[in-house]
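Please treat every number below as a calculation from the coordinates, not as lab data. Because the structure is predicted, anything quoted here is derived from the model rather than measured. Positions of Cβ are generated from backbone atoms using ideal geometry, with glycine treated the same way; all protein chains shown enter the neighbour counts.
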């Protein structure tokens, strides 16, 4: 029995020291080399932090581009998807409600033209980005609300498109917070 207990205790001690000390210090050191020292990349306007680059925020005013819906209520501490399947009646009712709301605020849009990312939750519930199609379908509403030409807003959208990583991984996307900040700068 002694021949098994002593090695188990040694292995436990080495594992504790490694994972609680060495590994933790290594991860902390790597984070110090990241932008903002691992605290998250912030977005500022007039030297005031207005949000985080990787965290979605709710925009529901007609003069702004709307964000992707959040199952977590845009609360990073409660990050999660909805965990409801596509055949779940509650899920379907929720999606239909989002479609109806979108159509009320965008009367020129047909139901079948609404991009799915404007009416469904992301996996994390905090997606800060929308598809290019989701941004473009909102241009008419925003142009009318702000009394700005659609061409000017479309040019702004085109300038905010983020390409896939290395041109291969992912799809084109637009950060909603950054887009709305730039939209507020338009006159």
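Measure nothing fancy, just the Cα-based angle from helix 2-17's long axis to the longest principal axis of the chain, in degrees from 0 to 90, nearest 10.
Rounded to the nearest ten degrees, it is 40.
Would you please put 154-161, 26-33 in order of how densely packed they are, using the mean number of other Cβ atoms within 10 angstrom per residue and starting with the highest?
154-161, 26-33
Pairs of alpha-carbon atoms within less than 8 angstrom and 6+ residues apart define the contacts here; what relative contact order does the chain have, in percent?
Averaging sequence separation for qualifying contacts and normalising by length gives 21 percent for the chain.
What's the ranking of 102-111, 131-140 by average number of surrounding C-beta atoms within 10 Å, highest first?
Answer by packing, highest mean first, reads 131-140, 102-111.
Decide, for the range 71-140, between rounded, prolate and oblate: order the square roots of the alpha carbon gyration tensor eigenvalues as a ≥ b ≥ c, take rounded if a/c falls under 1.5, and otherwise choose prolate if a/b is larger than b/c, else oblate.
Taking the square roots of the gyration eigenvalues as a ≥ b ≥ c, the range 71-140 is oblate.
Does anyone have the angle between helix 89-105 and the longest principal axis of the chain? Alpha-carbon axes, 0 to 90°, nearest 10?
40
What FRET efficiency would be calculated for the residue pair residue 105, residue 45, taking the C-beta separation as r and a Förster radius of 30 Å, to the nearest 0.05?
It comes out at approximately 0.75.
Using only alpha-carbon positions, what ratio does the radius of gyration of the range 1-96 give when scaled by 2.2 N^0.38 Å? Intermediate values should be presented prior to the final figure.
Working: Rg = 22.9 Å, N = 96, 2.2 N^0.38 = 12.5 Å.
Ratio of Rg to 2.2 N^0.38 Å for the range 1-96: 1.84.
Rg and Dmax of the range 93-187, using alpha carbons, in Å: what are they?
13.9, 39
From the gyration tensor of the Cα coordinates in the chain, what semi-axes in whole Å does the equivalent ellipsoid have, largest first, with each one equal to sqrt(5λ)?
43, 23, 13
Using only alpha carbon positions, build the gyration tensor of the range 139-187, then give the equivalent ellipsoid semi-axes as the square roots of 5 times its eigenvalues, largest first, whole angstrom.
Result for the range 139-187: semi-axes of 24, 10, 8 Å.
Would you work out if the range 31-70 is rounded, prolate or oblate? Take a ≥ b ≥ c from the square roots of the eigenvalues of the alpha-carbon gyration tensor; rounded if a/c is under 1.5, else prolate when a/b is larger than b/c, oblate otherwise.
Oblate is the answer for the range 31-70, as a/c is 1.5 or above yet b/c matches or exceeds a/b.
Rounding to the nearest 10 and keeping the result within 0 to 90°, find how far the Cα-based axis of helix 176-185 lies from the longest principal axis of the chain.
Approximately 50 degrees, to the nearest 10.
Which of rounded, prolate or oblate describes the range 104-145 when judged by the alpha-carbon gyration tensor and an a/c cut-off of 1.5?
prolate
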